[in-house]
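The values are calculated or read from the model by the stated rules, or taken from the named source; none is laboratory data. Bear in mind the structure is a predicted one, so any value in this text is a computation, not a measurement. Neighbour counts are summed over all protein chains in view; Cβ atoms, including those assigned to glycine, are modelled from backbone coordinates with ideal geometry.
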Amino acid sequence: MTLAADAEHRAGAHAGNAPPTPDRILRRTLRQHAAGVTVITVPGPAGFTATSFTSVSLDPALVSFCLGTTASTAEAVRRADRFAVHVLGAENTALARQFARSGIDRFDGVPWTAAEDGLPLLDGVPAWLTARPTLLRQIGDHLLVVGEVDDGGASGGDAPGSALVHHDGGFVTTRQLDRPGR
């Protein structure tokens, strides 16, 4: 915290305004952090929209995501021998909204194919990968899942479309500002 921010923070506290709690600070800060939107699926079928997906390592090829321990899909994720990550594009906004809703059949009306082990692979997404969980750990109120990539694919080749991104509480798309070296 800067000296000016610290002084402002203290002045607000003395003026009768309670200082923000760490969870509120985190929420406010993360609203300004743009994150790619994915749908994670596991056999069942079960799935959910996630912005916590990230790469962990290239060698070995590891990825991770987090979900709330009380999420409706948490138990299915804990039991899964494999999961799929579907990277969404701007054209997949309705899919992101559907897999973010609770209390519905998230797969209703969604075209998908079952892998041999029953893992749902969604049709019409720009990129996807599958992985086998190597680590599941509860951290705070979330479950951290790390998996080793075993398959994947992408459409579009060298000309990808606009990515779907979550920012400031809503879905937005990306625009290429420049392409160094091209």
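Is it true that some residue in the stretch 28-38 is outside any helix (DSSP H, G or I), of a type in the set (D, E, K, R) and either touching a strand residue (DSSP E or B) at 6+ places or on another chain (Cβ under 8 Å) or over 18 Å from residue 143 (Cα atoms) (or both)?
Yes, the conditions are met somewhere in the stretch 28-38.
If you take just the strands (runs of 3 or more DSSP E) that sit entirely in the stretch 52-137, which of them hold at least 1 residues that are modelled with pLDDT under 95?
none
Residue-by-condition table, conditions (1) in contact with a His (Cβ under 8 Å, 6 or more places away or on another chain); (2) without any contact (Cβ under 8 Å) to a residue 12 or more places away in the chain; (3) within 12 Å of residue 41 (Cα to Cα):
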{"residue": "106", "(1), (2), (3)": "no, no, yes"}
{"residue": "110", "(1), (2), (3)": "no, no, no"}
{"residue": "117", "(1), (2), (3)": "no, no, no"}
{"residue": "122", "(1), (2), (3)": "yes, no, yes"}
{"residue": "128", "(1), (2), (3)": "yes, no, yes"}
{"residue": "136", "(1), (2), (3)": "no, no, no"}
{"residue": "146", "(1), (2), (3)": "no, no, no"}
{"residue": "150", "(1), (2), (3)": "no, no, no"}
{"residue": "154", "(1), (2), (3)": "no, no, no"}
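Might you check whether a residue that is under 12 Å from the mean Cα position of the chain (by Cα), at pLDDT 95 or above and surrounded by 12 or more Cβ atoms within 10 Å (Cβ to Cβ) occurs anywhere in the stretch 24-36?
No: zero hits.
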